[in-house]
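Participant: This is the structure I want to talk about, given as structure tokens.
The values are calculated or read from the model by the stated rules, or taken from the named source; none is laboratory data. All figures in this text were calculated on a predicted structure; none of them were measured in a lab. Note that each Cβ is placed from the backbone with ideal geometry, even for glycine, and that neighbours are counted across all protein chains shown. Surface areas here come from the heavy atoms of the whole protein model, side chains and all, with no ligands, DNA or RNA. Shrake-Rupley method; radii C 1.70, N 1.55, O 1.52, S 1.80 Å.
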Amino acid sequence: MGYGMGVLKGMGITFRHMIETYTIGFKLQPSAAGDLPAPTGVAGGMPTVTGGMQTIQYPEEKLPVPERFRYLPFLLYDEEQGHERAHFDGVRCTACGICAKVCPPQCIWIVQGKGDDGKPRPVCTEFYIDSSICMSCGFCAEYCPFDAIKMDHEFELSSYERHESWVYDLQELLHPVAYHAAIHPTDYAREVEETRAKDEAKRTRDAAKAAAAVAAGGDPVADAAAAEEAKRLKMEARERMLAAKKAKEQGGG
Amino acid sequence: MTPIDLLTPPAPPTTTRPAPPSRPVVDEPMVLNIGPHHPSTHGVLRVVVRLDGELVVSADPDVGFLHTGIEKTFEAKTYVKGMTLAPRMGYLSPIHNSLAYVLAVEKLLGVDVPERATVIRVILAELDRIASHLVFVGIHGLDLGASSAVMYTFREREAILDIMELVGGARMFPIYIRPGGLSSDLPPEFEAAVTDILDRLPAAIDGYERLLTNNVFWKDRTVGVAVISAEEALALGTGAHILRATGVAYDLRKCAPYCGYEDYEFDVPVRTEGDAYARYLLRIAEMRESVKIARQALSRLPSGPYVTADRKVAPPPKHELATSMEAVIHHFKLWTEGFRPPAGEAYAAVEAPRGEMGMYVVSDGTAKPWRVHMRSPSFVNLQALETMVLGRQVADLVTAVASLDPVMGEVDR
Ligand code: SF4
Ligand code: SF4
């Protein structure tokens, strides 16, 4: 086979693909009227049409991303106060610090809140994530035991300044739960189901306890007070231990 | 006026020019640097070539431009955090790198992996292999001036990367495989997406073959070029397509099966020419075999847990956190400290797209590995470069590098 034939054969293949962009792909393109609909031939982040022209008119059109897509983390707050998972101002984070511990490049910085009595409380007053260090691994979202941090689908984050604007503070990180429910429907369904199961388990447990207390002739109110007292003593012991530990650390330099 | 005589040659000039000063004849090869920033060097590879005219006298690959210190970083991270590093090393075969690391860690821990997780690992590994070979075919074409093949190979590769994104949330670094199993169960769209790409691949591969396999330019530049013999390939420790193109049927999936590869029916394609064309044909054939394996795995995908029930290794499912105090304690302990494999060492190797990808993990009983070392196939294969191009035209060096298919992140780590 001569070189000329080689050229012609190769050109023939590319030419056929070019024709396909008009016969298959052209139909997919948005109307010339100017209104750009969501790209067709795409389902759940997976293109379903595989022949012809596959151009997406970014940024007017965007390919939807799959639910598990992860870019940067964000923090959740519950809009309705008094939600079972909400701790403080609706912010779910308890400042437990697990996310900061598991973060491989260590780009999370949390400041735990303190009550008026100076004791630490399960709230975060400051929360920073350095997005220029974050490697988008998703470990923080995976291992947060309180479903307080999730991975965002937003990926257009360029900015004119590359120091301060890349360190996200608490206000920038907070998103309402409804946002999370919209981008992570499956994960949110699991969460709702767990909350329901947990409530139910608690109710049956309480009912059983109350029944047992009544059966034993005890006073449920007094029992509850005793339990409170025990808990208080335990917390005090823990505080003492922590203070001792701190003193030791400081003493050790 | 006399007419100009154009027929008789002019008389030689009467003045004599001084003879040029005599210079010593330098009989020394020319040194030529190819790379590190050359489009055909697949990243930042510098090859110091010494040339006698057009012929290569020596070719030294100079590596280290992409050194990231990943091996060392492993020592400062817990075992699970190391999962984020393994795929970043070989960015064209992230699943295989993760798999080698995870298999080594699992060996240290002595943990059993559920069947479902193993089968899913096989599916992803084969998709990973196909995606990597697609890059090879496309970029090899690009290096030799056949620039349309890459458009078509990347179309299919994109579909595979979409599947990675679907299961693990990221195209290149899904971090989906974990010690003890997987990070989560498959999403419901998975099977349809994999079936779809597996159905399309055979026809798509035919398409690449129509563009390249019998193309006269392609054959001119690859047949009989960058030849290596079986003895040399074995002595240099090369693997995968380089070794198998010389007639040695060495494939870890057959020789030292892992992840239950012994239960799948597939062939190991072998050729005997040892040249770049044979390597190309092998990779085309391997993609077809991978489609077969992935199909078999998909058809036998069992139901069941996707991660081990060993709470020392894998976290408890989130719904247990709400009800069980024990689960919360495991969870906190696991993620604030990490698990501690018993002191010892483990080596696990997988047949990565470029050859034997081995991970050697040494534990001193703490939560962080004492040492992690990779036997990365790209690094070993690169040593065959000089053997392939010695005494050949310098233009063949491009073919040799392209058909070695090195990933520089894996070479330098
Ligand atoms: S793991 Fe969750 S609750 Fe704990 S500090 Fe991080 S975001 Fe807050
Ligand atoms: S995604 Fe990974 S790197 Fe980024 S903040 Fe979370 S744990 Fe850290």
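Participant: Could you give the angle, 0 to 90 degrees to the nearest 10, between helix B:325-336's Cα long axis and the longest principal axis of the Cα atoms of chain B?
Facilitator: 20 degrees
Participant: Using only helices, what value at 222 nm comes out for the protein assembly as shown when you add -39,500 (n - 2.57) per DSSP H run of length 4 or more and divide by the total residues, to the nearest 500 deg cm²/dmol?
Facilitator: Working: 25 runs with 295 residues, N = 666.
So the helix-based figure for the protein assembly as shown works out to -13500 deg cm²/dmol.
Participant: Still on this structure: How would you classify segment B:360-413 from its alpha-carbon gyration tensor, with a ≥ b ≥ c the square roots of the eigenvalues: rounded for a/c under 1.5, else prolate if a/b is greater than b/c, otherwise oblate? If you can, show how the numbers build up before the last one.
Facilitator: Values: a/c = 6.11, a/b = 3.80, b/c = 1.61.
Because a/c hits 1.5 or more and a/b exceeds b/c, segment B:360-413 counts as prolate.
Participant: Just tell me which aspartates and glutamates come within less than 17 Å, Cα to Cα, of A:LYS198; anything on the same chain fewer than 8 places away is out.
Facilitator: Of all the aspartates and glutamates, those that pass the test against A:LYS198 - Cα under 17 Å, at least 8 places apart if same chain - are A:GLU84, A:ASP147, A:ASP187, A:ASP206, B:GLU320, B:GLU326.
Participant: Could you derive backbone 3J(HN,Hα) for segment B:85-97 from the dihedral phi with the Karplus parameters 6.51, -1.76 and 1.60 (θ = phi - 60°), listing whole Hz in sequence and x where the residue is Gly or Pro?
Facilitator: 8, 3, x, 5, 6, x, 6, 9, 9, x, 5, 5, 5
Participant: Also, I was wondering about something else. In debye to the nearest 20, how big a dipole does segment B:210-347 give about its Cα centre with +1 on each Lys and Arg Cβ and -1 on each Asp and Glu Cβ?
Facilitator: Details: 18 positive and 17 negative charges, 95 e Å.
Using only the charged Cβ atoms, the result is roughly 460 debye.
Participant: Taking only Cα atoms, what is the 0 to 90° angle, nearest 10, from helix B:149-168's long axis to the longest principal axis of chain B?
Facilitator: 20 degrees
Participant: With the cut-off at 1.5 for a/c, could you classify segment B:164-280 from its C-alpha gyration tensor as rounded, prolate or oblate?
Facilitator: Details: a/c = 2.46, a/b = 1.51, b/c = 1.63.
Note, shape of segment B:164-280 comes out oblate.
Participant: Could you derive backbone 3J(HN,Hα) for segment A:117-130 from the dihedral phi with the Karplus parameters 6.51, -1.76 and 1.60 (θ = phi - 60°), listing whole Hz in sequence and x where the residue is Gly or Pro?
Facilitator: Result, ordered by residue: 7, x, 8, x, 10, x, 9, 9, 9, 9, 8, 10, 10, 8 Hz.
Participant: Nearest 0.05, what FRET efficiency do A:ARG16 and B:VAL223 give at R0 = 25 Å with Cβ-Cβ as r?
Facilitator: Efficiency, from the Cβ-Cβ distance: 0.40.
Participant: Probe 1.4 Å, all protein chains in place: accessible area of A:CYS124 in Å², nearest 10?
Facilitator: 10 Å²
Participant: Over chain B, calculate the relative contact order: mean separation of alpha carbon pairs under 8 Å at least 6 apart, over the residue count, as a percent. Please list the in-between numbers first.
Facilitator: Details: 752 pairs, mean separation 105.4, N = 413.
Relative contact order for chain B comes out at 26 percent.
Participant: Could you state, as a whole-number percent, how many of the C-alpha pairs of the protein assembly as shown are farther apart than 45 Å?
Facilitator: Values: 73447 of 221445 pairs.
Tail of the P(r) past 45 Å holds 33 percent of the pairs.
Participant: Calculate the spin-label point distance for A:ARG196 paired with B:LEU7, positioning each point 7 Å from the Cα along the beta-carbon direction, and give it in nanometres.
Facilitator: Going by the 7 Å Cα→Cβ label model, 11.3 nm.
Participant: Let me ask something else. For segment B:70-152, what's the relative contact order in percent, using C-alpha pairs closer than 8 Å and at least 6 residues apart?
Facilitator: 20 percent
Participant: Next question. My understanding is that a pair violates if its Cα-Cα distance is over 31 Å; which of A:LYS202/B:LYS333; A:LYS234/B:LYS77; A:LYS114/B:LYS312; A:LYS62/A:LYS101; A:LYS101/B:LYS292 do that in this structure?
Facilitator: On the way: A:LYS202/B:LYS333 25 Å; A:LYS234/B:LYS77 35 Å; A:LYS114/B:LYS312 33 Å; A:LYS62/A:LYS101 35 Å; A:LYS101/B:LYS292 42 Å.
Among A:LYS202/B:LYS333; A:LYS234/B:LYS77; A:LYS114/B:LYS312; A:LYS62/A:LYS101; A:LYS101/B:LYS292, the Cα-Cα distance tops 31 Å for A:LYS234/B:LYS77; A:LYS114/B:LYS312; A:LYS62/A:LYS101; A:LYS101/B:LYS292.
Participant: Same structure again: P(r) for chain B, please, calculated from all Cα pair distances in 10 Å bins and given in %.
Facilitator: For chain B, the binned pair fractions read 5, 20, 28, 21, 11, 6, 3, 2, 2, 1, 0, 0, 0 percent.
Participant: OK, next. Using +1 at the C-beta of Lys and Arg and -1 at the C-beta of Asp and Glu, which of B:ALA86, B:PRO353, B:HIS331 has the Cα lying farthest in the positive direction of the dipole of chain B?
Facilitator: After comparing all options, I get B:HIS331.
Participant: Now, a different point. Treating only the Cβ of Lys, Arg, Asp and Glu as charged (+1, +1, -1, -1), what charge dipole size does chain B show about its Cα centre? Round to the nearest 20 debye. The partial results should precede the final answer.
Facilitator: Values: 41 positive and 51 negative charges, 157 e Å.
It comes to approximately 760 debye.
Participant: Out of residues 5 or more away from B:ASP310 or on other chains, whose amide H comes under 5 Å of its own, with H placed 1.01 Å from N in the peptide plane?
Facilitator: none
Participant: Determine which aspartates and glutamates satisfy two conditions relative to B:LYS81: a Cα distance under 19 Å, and not lying fewer than 8 residues away in the same chain.
Facilitator: Of all the aspartates and glutamates, those that pass the test against B:LYS81 - Cα under 19 Å, at least 8 places apart if same chain - are A:ASP130, A:GLU142, B:GLU71, B:GLU106, B:ASP310, B:GLU337, B:GLU345, B:ASP364, B:GLU410.
Participant: Another question about this same structure. Answer with one residue from B:ALA367, B:TYR261, A:PHE127: the one whose Cα lies farthest towards the positive end of the charge dipole of the protein assembly as shown, charges on Cβ with Lys, Arg +1 and Asp, Glu -1.
Facilitator: Checked the options; the winner is B:ALA367.
Participant: When chain B is modelled as a GNM with alpha-carbon springs shorter than 10 Å, which of B:HIS241, B:HIS331, B:HIS96 fluctuates the most?
Facilitator: For chain B, modelled as a Gaussian network with Cα springs under 10 Å, the answer is B:HIS331.
Participant: Among rounded, prolate and oblate, which fits segment A:56-210 when a ≥ b ≥ c are the square roots of the eigenvalues of its C-alpha gyration tensor, a/c under 1.5 means rounded, and a/b larger than b/c means prolate? Mind dumping the intermediate values first?
Facilitator: On the way: a/c = 2.27, a/b = 1.37, b/c = 1.66.
Verdict is oblate for segment A:56-210.
Participant: Next question. Evaluate the relative contact order of segment B:262-370 (contact order divided by residue number), counting alpha-carbon pairs under 8 angstrom at least 6 apart; express in whole percent.
Facilitator: Numbers: 89 pairs, mean separation 16.7, N = 109.
Relative contact order here is 15 percent.
Participant: Moving to a separate point now. Taking amide hydrogens as modeled 1.01 Å from N in the peptide plane, which residues meet the under 5 Å criterion relative to B:GLU345, leaving out close sequence neighbours?
Facilitator: Amide H neighbours of B:GLU345: B:SER363.
Participant: Return the long-range amide H neighbours of B:ALA352 (sequence gap of 5 or more, or a different chain), with a cut-off of under 5 Å between placed amide H atoms.
Facilitator: B:MET357
Participant: Provide the descending list of Cα extents for segment B:282-413 along its principal axes, expressed in whole angstroms.
Facilitator: Computed over the Cα atoms, the extents are 70, 40, 21 Å.
Participant: Another question about this same structure. Starting with the highest mean, order B:110-119, B:134-143, A:57-66 by the number of other Cβ atoms within 10 Å, averaged over the residues of each peptide. List each step's numbers first, then the result.
Facilitator: Working: B:110-119: 18.0, B:134-143: 22.9, A:57-66: 13.2.
Ranking the peptides B:110-119, B:134-143, A:57-66 by packing returns B:134-143, B:110-119, A:57-66.
Participant: Using only the alpha-carbon atoms, how far is helix B:115-143 inclined from the longest principal axis of chain B? Give it as 0 to 90 degrees, nearest 10.
Facilitator: 10 degrees
Participant: Now a separate question. Under the Karplus relation 6.51 cos²θ - 1.76 cosθ + 1.60, θ = phi - 60°, what is the ordered set of whole-Hz ³J(HN,Hα) values for segment B:269-282, x standing for Gly and Pro?
Facilitator: x, 9, 10, 10, 6, x, 10, 5, 5, 4, 5, 5, 4, 4
Participant: Now, a different point. Could you report the protein assembly as shown's accessible area per residue, 1.4 Å probe, as an integer in Å²?
Facilitator: Numbers: 32810 Å² over 666 residues.
That works out to 49 Å² per residue.
Participant: Can you pull a Stokes-Einstein diffusion coefficient for segment B:71-222 at 20 °C (1.002 mPa s), Rh from Kirkwood over Cα pairs, as a whole number of µm²/s?
Facilitator: D, rounded to a whole number, is 128 µm²/s.
Participant: Which order do the peptides B:363-369, A:146-152 take when ranked by the mean count of other beta-carbon atoms within 10 Å per residue, highest first?
Facilitator: On the way: B:363-369: 17.0, A:146-152: 22.1.
Most protected by this proxy first, the peptides run A:146-152, B:363-369.
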